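I have a structure I would like to understand better, so I am pasting it below and will then ask my questions one at a time.
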Amino acid sequence: MVPNVTRKAKLVVGVSILFVALIPIRTVSAPDWNVCVVDASNRPVSGALVREAYQNYSAEFSSHDQDLYTDAKGCVHFSTKKVTSPLFMRMLAILYAAAAGVHASFGPNSYVIAFEGTLTGEDVRSGYIYTWTGAPQQEASTLKLHE
């Protein structure tokens, strides 16, 4: 009778692990983001292309882009981006990201960039191009166009 109980216990544990591995988990991949674009004289630039690029390296295998054009005030708004994936996919995504070694990225990463003709603009903070990595849930950026 003991072997029967052990077999049933293993089956229950196995089914439970499978069930947990299939539970979908929803997380934020990019924040709610307001972006304004200005020229070298700090005047708003209407009609500039603004791209938001984002990926949650711990939940998915590919990156995403969304392009918007600035309004008359030189601004665009990107809504929050979320990804839903089961635990087993997240584990695979983490292993896939880890294969990059010292260049590996984990968790959510998002950035914005602007284009107008041959000019580009990035979100530069403290001398570095800013990448959002999970907090805060709302961002605001001013991108200054330059050659």
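The values are calculated or read from the model by the stated rules, or taken from the named source; none is laboratory data. For clarity, every value in this text was computed on a predicted model and none was experimentally measured. Ideal geometry is used to build each Cβ from the backbone, glycine not excepted, and the neighbour counts take in all protein chains shown.
Please work out which residue is farthest from G121 (Cα to Cα), limiting yourself to region 36-86 and to residues that are touching a helix residue (DSSP H, G or I) at 6+ places or on another chain (Cβ under 7 Å) and surrounded by 14 or more Cβ atoms within 10 Å (Cβ to Cβ). Give the steps one after another, and end with the answer.
We begin by selecting, within region 36-86, every residue touching a helix residue (DSSP H, G or I) at 6+ places or on another chain (Cβ under 7 Å); these are 57-61, 86.
If we keep only those that are surrounded by 14 or more Cβ atoms within 10 Å (Cβ to Cβ) too, we end up with 57-60, 86.
Details: Y57: 25, S58: 28, A59: 29, E60: 28, P86: 36 Å.
Filtering first and then ranking leaves P86.
Here's a follow-up. Just a yes or no: is a residue in region 101-115 exposed (fewer than 11 other Cβ atoms within 10 Å of the Cβ) and within 18 Å of the chain's Cα centre (by Cα)? Walk me through it before giving the result.
Restricting attention to region 101-115, the residues satisfying the condition of being exposed (fewer than 11 other Cβ atoms within 10 Å of the Cβ) are 101-103.
Among the residues that remain, those that are also within 18 Å of the chain's Cα centre (by Cα) are: 103.
Yes, some residue in region 101-115 is exposed (fewer than 11 other Cβ atoms within 10 Å of the Cβ) and within 18 Å of the chain's Cα centre (by Cα).
Show me the strands (runs of 3 or more DSSP E) found entirely inside region 41-147 where at least 2 residues are in contact (Cβ under 8 Å) with a residue 40 or more places away in the chain and within 30 Å of A21 (Cα to Cα).
Details: elements: 49-56, 64-69, 75-78, 81-86, 108-116, 119-122, 138-144.
Those strands (runs of 3 or more DSSP E) span 49-56, 81-86, 108-116.
Would you pick out the residues in region 24-35 that are under 17 Å from the mean Cα position of the chain (by Cα) and either polar (S, T, N, Q) or surrounded by fewer than 16 Cβ atoms within 10 Å (Cβ to Cβ) (or both)?
Start the filter on region 24-35 by keeping residues that are under 17 Å from the mean Cα position of the chain (by Cα), which leaves 25-35.
If the condition is that a residue be under 17 Å from the mean Cα position of the chain (by Cα) and either polar (S, T, N, Q) or surrounded by fewer than 16 Cβ atoms within 10 Å (Cβ to Cβ) (or both), then I25, R26, T27, S29, D32, N34 are the ones that fit.
When the residues of region 1-23 are narrowed to those that are surrounded by 10 or more Cβ atoms within 10 Å (Cβ to Cβ) and touching a residue at least 40 places away in the same chain (Cβ under 8 Å), which ends up farthest from V112 (Cα to Cα)?
The qualifying residue farthest from V112 (Cα to Cα) is V20.
Further question on the same structure: Of the numbered conditions (1) hydrophobic (A, V, I, L, M, F, W, C); (2) out of contact with any Ser or Thr (no Cβ under 7 Å at 6 or more places or on another chain); (3) in a strand (DSSP E or B), V28 fails exactly one; give the number of that condition.
The number of the failed condition is (2).
Here are the criteria: (1) out of contact with any strand residue (DSSP E or B) (no Cβ under 6 Å at 6 or more places or on another chain); (2) modelled with pLDDT of 90 or more. Tell me which single one E139 does not satisfy.
Unmet for E139, out of (1) out of contact with any strand residue (DSSP E or B) (no Cβ under 6 Å at 6 or more places or on another chain); (2) modelled with pLDDT of 90 or more: (1).
For region 44-60, indicate whether the set of residues that are of a type in the set (F, W, Y) and touching a Lys or Arg at 6+ places or on another chain (Cβ under 8 Å) is non-empty.
yes
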